[in-house]
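Read the structure below first, then the notes.
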Amino acid sequence: MIRRVTIGLALVVVAVFVVWAIVPGMIAPGEPGTTDLLNTFASPSWAHPFGTDDLGRDVFDRVVHGTRSSILVGLGATLISLLLGGTVGLVCGLSRGWLGQALARVVDMLMSFPGLLMALTIISVVGSGSRNIALALGVASLPAFARLVRGEVLRVRDQPFIDAAVGAGVRRSAIVIRHVIPNVAGAILAFAGIALGIDIIAASSLSFLGFGPALPAADWGSLIAGGRDSVSDAWWITFFPGLMVALVVLAVTRLSSRGGAGPLEPAA
Amino acid sequence: MTVLSVDRLAVSYATRNGSVEAVRDASLTIERGETVALVGESGSGKSTIALATLGLLGEQARIGHGSIALNGRELVGLDEAELRKLRGVEIGYVPQDPLAALNPVQRIGAQVAETLVIHGLASGREAQARALEAMEHAGLRQPDVLAKLYPHELSGGMRQRVLIASAMVARPGLIVADEPTSALDVTVQRQILDQLELLKRELGLSILFITHDLALAAQRAARVVVLQDGNSVEHGPAADVLTRPRHPYSKALVASAPRLRGDAPAAATTSRRQPSPPLLRVEGLVKEFALRGQRGARRRAVDGVSFTIGRGETLGLVGESGSGKTTAARIVLRLLEPSEGTVAFGDQDLLALRGEELRQARRHVQPIFQDPLTALDPRFSVEQTIAEPLRAFRDGDRQQRRARVRELLDAVRLPEALATRRSTQLSGGQRQRVAIARALALRPDLVVCDEIVSALDVSVQAQILSLLGDLQRDLGVSLLFISHDLAVVRSIAHRVCVMSNGAIVEEGDSASVLLAPAHPYTQALVDAVPDLPPADQEDQTWTSVSSTLARR
Amino acid sequence: MARRLTAATGLLRNPLARVLIGRVLAGVPVVFAAMTLSFMLVHLLPGDPVNAVLDPTSSPTPEQRENLRHQLGLDGSLPRQFADYAGRVAHGDLGHSIQSGRAVSTMIGDTIGPSLQLAGAALVLALIASCAISLIQVSTRHRPIRALATILPPASLAFPGYWVGIVLMSIFAFGLGWFPATGADGLSALVLPAVTLAIPATAFLTRVLSAGLQEALAQPYVLIARAKGATPRRVVLRHAFRNGLIPTITVAGLAISYLLAGAVITETVFARPGIGRTVVAAVSQHDIPVVQGFVMLFAVVFVVVNIVIDLLYVVADPRITTGRAALA
């Protein structure tokens, strides 16, 4: 019963954010950057549900308009790590020779390096911006995916039904396509949902540190960074964007894990 | 004096899908100094009864009605603190899995002494001394050395003795032993149970002995209680229940138990051996595994094994755990590469084959594995599973494959309606039938059966064995039948090879090897097997088996 | 002869020494890999790395470019460059910052202290909290409390660390005035950053520990302990806890390296000096030698942490050191 309710809530949250991301203009008409110097630091009210910032900009408008870049960066990062990491993991798990072993060692080594630091290192090379953040985070969480996929492949590969298929004379390619991949897909998709949550948080963290997209498309992380200096006067500027991050991550995690494991690593 | 009396007990568990009755109406009594066996198949509720006597049913369980009296004191309704005072002191518990039942990070001595410490009966040095004494009672030599070790440093048999010592240390009057030896080899089982019997006599213990093995119950207990679906359907002196069962279920159970001695069932006697060149010839097989953590150290799992299988012949490969029988089977199946030796199939050198050639050869040699649940892809339907080998060899078009699957389902006596189910929706016996159908789909010459009935209940086991025997006769297929269970092998194999420490120590006709073994190892093995008296009217009981158990 | 042999193998017999030696040796390739990675960093730059490092608006002279090329160790053949770089690293020379010209090793030395303080404090908090929460979770019969202990830790991971820091700051520093908002003076300035950093670590450790506890509680040896008459308290503390701790030790290394990564964010939020802020500054200024130096630092920290973890593991689990089935 409780499970159904929370899953329903998560679906509603995701639907709202999808609308915000696709047609922000419908929810918050007008330019999100419009300043109103007569109305700075207004606390939340009906006119400004999330209040206004130091330049009198409506925080709610800015949050709605920041949805797309906040979520897209995470999605892109997850997609990159899912595809690349999945491939690496599959190769690691399936190859019994030195290649699989060596690749697994490299992956283990990269795993030991915290994702956020890896992303920062990559950004130091490729520079900031949404696309680079997605790339950096995608590469940074590639090892985690590779390791998960490898583990799952090894687990499935050791199942007697694989021996049964080999013994029955089923081709190697058919075993991989018909037995291995379908049996690892579930766990990997569930993990992808969790990784999406982690990536959204990490992307906003990088924006917060100042590596995010340029101002007009400011995402939630940059909004929080912008409101940081006035936090003693106007808590709402930082509070609401952060709440949005948490809501979207909670919803996505809820939908992907269905009550199972939470995020695998603490997001920064 | 009655030590334990369980009267009309009913226990149910609350699950997500409502309440499930594990025990419906079970009664038994144990007198002082007596061993009573509680016999039943999986799901019969026997472990629930064991836990109920200890008051350890857990939060989900509810006792519906009935009473449990220990030394005249009613346990049902007693609060947790009161029950705790009885556990270990008046009633001791010996569990099934001797490795998992010991705390891996605590020393043996502390675990044996724990009951004394918990109940404040002894502490410190005195507790240790009494623990050592209990270990000695349980047949452990050098208890002072063992006490300082951790569980993983002991063999399975020693661990079980440790558990007996720890159940005994506070001298309870009653021991509940739940399948205490089913994880152990038959020779070790014998030693452990002999020790338990000795203790019983010395200390005047009473024992509730829970087992699925009728023959073992007959051998070890004075009285037997038969449990079916949570009901105690028959009880009486062991000899009576096992030779003249009255309840239809007990009759069926007695009839399905495989027998080592006496006449073998039809399957194993109608030999179709031909003098023609053998179908499979295995010679000088050696498999070495590198030992972990010790550089250069190797263990020979298979050490110079040779055997042949004729067309239409069933060869039984028997041995205890670690004897190398499964390794040999996996080499024949080309799932494992041997270190040395040859495997010839017809005039083909199986070990020389690679790639597509090897795959084509697999068409003629098909496997069936032990655990039918994990040997079937959970995402496949029954039809997909059985059709898979056909698909792999492009055997017929879709229509023809479908027809063949139906034919095979019929051959393994499964209804066609099951074709669309997944393996997870089937019972254990049904799953193993699906695995048999898959193995037969390509009409192979040889089927390698690795412990295929050891995960099944005795009644289902009997059905699978008779099915396999029939199919073998009808199709003329050869079987390499691997099992640790001598009685099972006796019921199906024409010829037997006995393996020990990676080598074949004795080989010959199954009747002569298993009834009149020549090698000391085989003799010890055969001696250790508990056996039932031969069934009287075999035909009659066989029909009643199939009618009573057909629905499983 | 025999005696000398025992003396020689004595060191290897000692399980702790054996693990220690093995781990140190296993750490060598990790450090080497990190070095290769940080070396490659410069060469992964699209186009001429010098361009990426130099401010494109300042139109540098060819001379400046050559200087920088030399400074980055980019003159000579690739294997030659690598050998030079490896040689310098082996001598503890991690190069100089392009921005400030200071030695990277000095920069690390100056900033590592406050960061270790922060990470250490957070680790202690997280260990205490996660033990408490998971013990409550498995022992309470009070359903709402159990549900709370189960749901709260994973849910807290959904809140971005920097945001949690700001919220804590606005409540406890600006609102209640209990702790200073920024800086690194004294213990009171450590509280808010340490709590901020400890929250995700607690969630992570709690999840592993309570999974370990629950798994241990489902084992037959727990049933046996109860059959001996043990109280629930004894069952949890004597039998389940130590067994449940073992998987937690395995991941504690991961938790520590993430604590250090989390320091990047926390130090920025609370304007604390430390390696995190230095790294962020270096990244935004494309100060590659500094980034390289910190990559090396993290590799070394990782190796050291793992050595400690493995030693703990040996202490906690007798199965590691004593032979398998010695008497079988």
Prolate/oblate/rounded label for region C:171-328 (Cα gyration tensor, a/c 1.5): oblate
Hypothetical label at B:R422: residues of region B:360-404 whose amide nitrogen lies under 19 Å (7 Å Cα-Cβ projection): B:372-388
Long-range amide H partners of B:L279 with built H, under 5 Å: B:I309, B:G310, B:R311
Using θ = phi - 60° and Karplus 6.51 cos²θ - 1.76 cosθ + 1.60, couplings along region B:249-258 (whole Hz; Gly, Pro as x): 5, 4, 4, 4, 5, 4, 5, 7, 4, x
Average beta carbon contacts from partner chains per residue of C:174-186, 10 Å cutoff: 1
Entries of B:K46/B:K200; B:K85/B:K200; B:K46/C:K228; B:K148/B:K287; B:K251/C:K228 with Cα pairs more than 29 Å apart: B:K148/B:K287; B:K251/C:K228
Net charge contributed by nearby residues that have their C-beta within less than 13 Å of B:Q160 (K/R +1, D/E -1): -2
Backbone N within region B:384-412 under 16 Å of label point (7 Å from B:D470 Cα along the Cβ vector): B:407-412
Inter-site label distance for B:A14 and B:A518 at 7 Å from Cα along Cβ, in nm: 6.6 nm
Listed residues C:L205, C:L259, C:L116, most fluctuating in chain C (Gaussian network, C-alpha, under 10 Å): C:L116
Whole-Hz couplings from phi, Karplus 6.51/-1.76/1.60, listed for region B:443-452; x for Gly and Pro: 6, x, 8, 9, 10, 9, 10, 9, 6, 6
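Taking both sides together, what accessible area is buried at the C/B interface, probe 1.4 Å, expressed in Å² and rounded to the nearest 100?
Counting protein atoms only, the buried area is about 2700 Å².
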Fraction of accessible area attributable to carbon and sulfur, the protein assembly as shown (%, probe 1.4 Å): 58 percent
Gyration tensor (alpha-carbon) shape descriptor, the protein assembly as shown, a/c threshold 1.5: prolate
Stretch gain in nm, segment A:V19-A:R171, where the contour uses 0.36 nm per residue and the Cα spacing is subtracted: 50.1 nm
Summed buried accessible surface, chains B and A, 1.4 Å probe, nearest 100 Å²: 1800 Å²
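Round to the nearest 0.05 the FRET efficiency obtained for B:R402 and B:N501 when R0 = 51 Å and r is the Cβ-Cβ distance. Numbers along the way, then the final one.
Numbers: r = 48 Å, r/R0 = 0.94.
Efficiency, rounded to the nearest 0.05: 0.60.
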Threshold 40 Å² - residues in region C:222-239 whose accessible area is reduced by that much or more when the chain is no longer isolated, probe 1.4 Å: C:L223, C:I224, C:R226, C:A227, C:K228, C:G229, C:R234, C:H239
Helix A:181-206 vs. chain A, principal-axis angle (Cα, 0 to 90°, nearest 10): 30 degrees
Mean Cα-pair separation over length for chain B, i.e. relative contact order, pairs under 8 Å, 6 or more apart, %: 16 percent
Calculated from backbone phi, Karplus (6.51, -1.76, 1.60) coupling profile of region B:316-331 in Hz, x at Gly/Pro: x, 10, 10, x, 7, 5, x, 7, x, 5, 5, 4, 4, 5, 5, 5
Mean accessible surface per residue for chain B, computed with a 1.4 Å probe while every protein chain stays in place, in Å²: 41 Å²
Average beta-carbon neighbours from other chains, 10 Å sphere, peptide B:147-156: 4
The protein assembly as shown - share of DSSP beta bridges that are antiparallel (%, nearest 5): 55 percent
Whole-angstrom gap from region A:147-220 to region C:61-106, using each part's C-alpha centre: 39 Å
Modelled label reach - B:E59, point 7 Å along Cα→Cβ, region C:150-187 residues with backbone N closer than 13 Å: C:150
Length added when fully stretched, C:L78-C:R18, from 0.36 nm per residue minus Cα-Cα: 17.8 nm
Longest exposed-site-free window of chain C, the sites being trypsin sites (Lys or Arg not before Pro) in a DSSP loop that have at most 15 other C-beta atoms within 10 Å: C:142-323
Theoretical FRET efficiency, 1/(1+(r/R0)^6), r = Cβ-Cβ of C:V308 and B:D7, R0 60 Å, to 0.05: 0.50
Residue of A:L99, A:L79, A:L135 that the Gaussian network model of chain A assigns the largest fluctuation, springs spanning Cα pairs under 10 Å: A:L99
Protein accessible surface hidden between C and A, which excludes ligands and nucleic acids, total in Å², probe 1.4 Å: 3900 Å²
Distance in nm between pseudo-label sites at B:T29 and C:W178 (7 Å out along the Cβ direction from Cα): 6.8 nm
Heavy-atom accessible area order for B:L426, B:L336, largest first, 1.4 Å probe: B:L336, B:L426
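Rounded to the nearest 0.05, what FRET efficiency is calculated for B:E197 and A:R96 with R0 set to 60 Å and r the Cβ-Cβ distance?
According to the calculation, E is roughly 0.75.
The values are calculated or read from the model by the stated rules, or taken from the named source; none is laboratory data. All figures in this text were calculated on a predicted structure; none of them were measured in a lab. We place every Cβ from the backbone using ideal geometry, glycine too, and count neighbours over all the protein chains shown. These accessible areas exclude ligands, DNA and RNA; they are computed on the full protein's heavy atoms, side chains included. Shrake-Rupley method; radii C 1.70, N 1.55, O 1.52, S 1.80 Å.
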